[in-house]
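Here is the structure we will look at, set down as structure tokens.
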Amino acid sequence: MRTAPPLTSPDLLTVAEHRTAILAVTGALPAESVPLGEAAGRTLAHTVHAAVDVPRFDNSAMDGYAVLFTDVAAASPSDPVELRVIADLPAGSVDEPVLRPGFAARIMTGAPVPRTATAVVPLEHTRDGLRSWNDAVVVERAPARPGSHIRRRGEELRAGAPVVPAGSLLGPLQLSAIAASGVDAVSVTRRPRVAVVSTGSELAAPGTEVSRGRIPESNSVLLASLCRATGAEIVAVSTVADDDAIFAARIDRAIHVDGADVVVTSGGVSAGTHEVVRNVLAGRIAFRSVAMQPGRPQAFGVIDGTLVFGLPGNPASAAASFEAFVRPALLALQGRQSLTRPTLRVAVAAAWRSPTDREQYVPVMLDRTDPGAWTARPATVAGSSAGHPVAGLANADGYAVIPASVTVVSAGDLVDVALLP
Ligand code: AMP
Ligand code: MG
């Protein structure tokens with residue numbers, strides 16, 4: 001990996017500086033209570049504490065027989081012990097048979113263990129297993145110790161103990177842990193409401209003819225899907241021509257009618273002649289140069305309480321800008337503990353150049369042939385200045401994020417790859 005000393009320029013923000021400035025004005029949205037069945041994909045606003053002991057009562061870990069340990073402590077295939085079966089305890093049973101010496105209770109997994117029992121003998125350790133469906137059972141193997149195969153009340157969690165911490169994303173496993181602890185509703189942050197506005201007179205919306213001079217519009221579906229994947233709710237998606245009045249009206253509507261917490265625009269932030277976002281919003285949000293590739297021109301500010309992101313229009317730039325700035329902000333709005341994607345450090349399989357003093361976002365494909373040594377190679381032609389190819393993005397497994405000081409990434413170098421789902 002070749003590096004160069006940093007070039008410093010007061011006009012150029014680092015990615016970290018721009019992101020820090022954004023997060024400084026991004027507080028968590030209010031919490032609301034939702035039933036567990038509707039909580040998937042939401043972020044916990046408050047730590048969940050167990051409502052009951054887990055397990056709730058001493059119960060059997062096996063299908064078998066509840067016994068007195070002392071009765072069977074010496075049982076063996078050559079010296080089996082016969083016990084009288086005095087009860088049948090399926091899961092859900094509330095019976096409380098009293099075990100005296102020589103007695104056993106047939107018990108199924110999860111059923112409450114009688115208070116007098118001191119061990120459970122699994123079916124497999126009896127002579128006929130399930131086939132011995134009669135009044136006696138012959139135990140051929142001793143349980144390891146008193147308490148064997150009994151799950152004790154509160155063994156996993158005591159009522160009141162924390163189950164899932166605030167700031168966690170609720171997925172299937174978190175939801176089931178919460179349900180298992182006797183809790184049926186959770187406090188989650190409200191979903192951020194996002195409006196996506198793509199700008200460009202050249203854009204042909206999906207379903208319209210791509211005549212000469214026009215290109216297929218792709219940022220709307222890109223940005224809306226990326227936002228949704230963070231847990232946000234999309235309240236409006238629109239594409240507008242490079243017309244100041246139309247764009248101004250659309251932004252006003254997103255903020256004041258659609259009630260957007262966040263507006264994400266694409267295009268119109270550079271230094272050309274028809275930069276509609278810059279024309280309309282200069283003075284209300286900040287237009288900055290950020291030391292990254294792609295995605296150098298960035299706009300951000302707060303208008304009437306709404307976070308407004310002006311991303312560059314090139315789809316590869318918009319996608320990288322989303323990763324660097326919008327995604328962390330959408331997660332912060334949800335109070336998420338971690339604002340970064342899972343990151344893997346892998347060796348690169350093919351060299352590429354990285355611009356001096358720009359943090360580079362390179363979509364990469366992972367080669368997982370050797371599970372012990374994944375490698376990464378660019379999914380698109382990285383660093384080409386003549387536009388950033390976008391079709392190749394579809395092959396990307398993640399973004400290699402190359403520090404600003406690096407000028408050449410060589411085969412074998414280790415790079416950080418932010419994994420895409
Ligand atoms: P801009 O940032 O507006 O100068 O746009 C930069 C480049 O990205 C131009 O080639 C645009 O045609 C292209 N572009 C801008 N917006 C979109 C969009 N929504 N979908 C696809 N390409 C776009
Ligand atoms: Mg444009």
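Structure above, values below:
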| item | result |
| --- | --- |
| Percent carbon-and-sulfur accessible area, the chain, ignoring ligands, DNA and RNA, probe 1.4 Å | 54 |
| Distant-in-sequence amide H partners of ALA232 (H built 1.01 Å from N, under 5 Å) | none |
| Approximate shape of segment 343-419 as ellipsoid semi-axes (Cα gyration tensor, √5λ), whole Å, largest first | 19, 15, 10 |
| Principal-axis tilt of helix 219-229 within the chain, Cα atoms, nearest 10 degrees | 30 |
| Gained length - ALA21 relative to SER78, 0.36 nm times residue gap less alpha-carbon distance | 12.9 nm |
| For VAL48, distant residues with modelled amide H under 5 Å away | VAL163, VAL164, ALA166 |
| Helix-only CD estimate at 222 nm, as mean residue ellipticity for the chain, using -39500 (n - 2.57) per DSSP H run (n ≥ 4) | -4500 deg cm²/dmol |
| Using θ = phi - 60° and Karplus 6.51 cos²θ - 1.76 cosθ + 1.60, couplings along segment 408-413 (whole Hz; Gly, Pro as x) | 9, 9, 9, 4, x, 4 |
| Among PRO403, PRO172, PRO97, residue whose mean-square fluctuation peaks in a GNM of the chain (springs only between Cα atoms under 10 Å) | PRO97 |
| Taking the C-alpha atoms of segment 148-238, convex hull volume expressed per residue in Å³ | 142 |
| Per residue accessible area in Å² of segment 343-419, where ligands, DNA and RNA are left out and the probe is 1.4 Å | 46 |
| Amide H partners (placed H, <5 Å) of GLY295, local residues excluded | none |
| Cα long-axis angle, helix 244-256 against the chain (0 to 90 degrees, to the nearest 10) | 30 |
| Size of electric dipole in segment 59-151: Cβ of Lys, Arg +1 and of Asp, Glu -1, about Cα centre, debye, nearest 20 | 220 |
| HN-Hα J in Hz across segment 82-95 - Karplus 6.51, -1.76, 1.60, θ = phi - 60°, x for Gly and Pro | 9, 10, 8, 8, 10, 7, 10, 10, x, 4, x, 5, 10, 5 |
| Between segment 247-314 and segment 170-233, the Cα center-to-center distance that results, in Å | 18 |
| Test item: Cα-centred dipole of segment 86-132, Lys/Arg +1 and Asp/Glu -1 on Cβ, debye | 120 |
| Per residue accessible area of segment 8-76, 1.4 Å probe, in Å² | 48 |
| GNM flexibility winner over the chain from PRO312, PRO371, PRO216 (Cα, springs under 10 Å) | PRO371 |
| Per-residue ³J(HN,Hα) for segment 290-296, Karplus 6.51 cos²θ - 1.76 cosθ + 1.60, θ = phi - 60°, Hz, x for Gly and Pro | 10, 6, 9, 9, x, x, 4 |
| Fraction of the pair-distance distribution of the chain above 34 Å, Cα-Cα pairs, percent | 51 |
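The values are calculated or read from the model by the stated rules, or taken from the named source; none is laboratory data. All figures in this text were calculated on a predicted structure; none of them were measured in a lab. Ideal geometry is used to build each Cβ from the backbone, glycine not excepted, and the neighbour counts take in all protein chains shown. We work out accessible area using only protein heavy atoms, side chains counted, and drop any ligands, DNA or RNA first. Shrake-Rupley method; radii C 1.70, N 1.55, O 1.52, S 1.80 Å.
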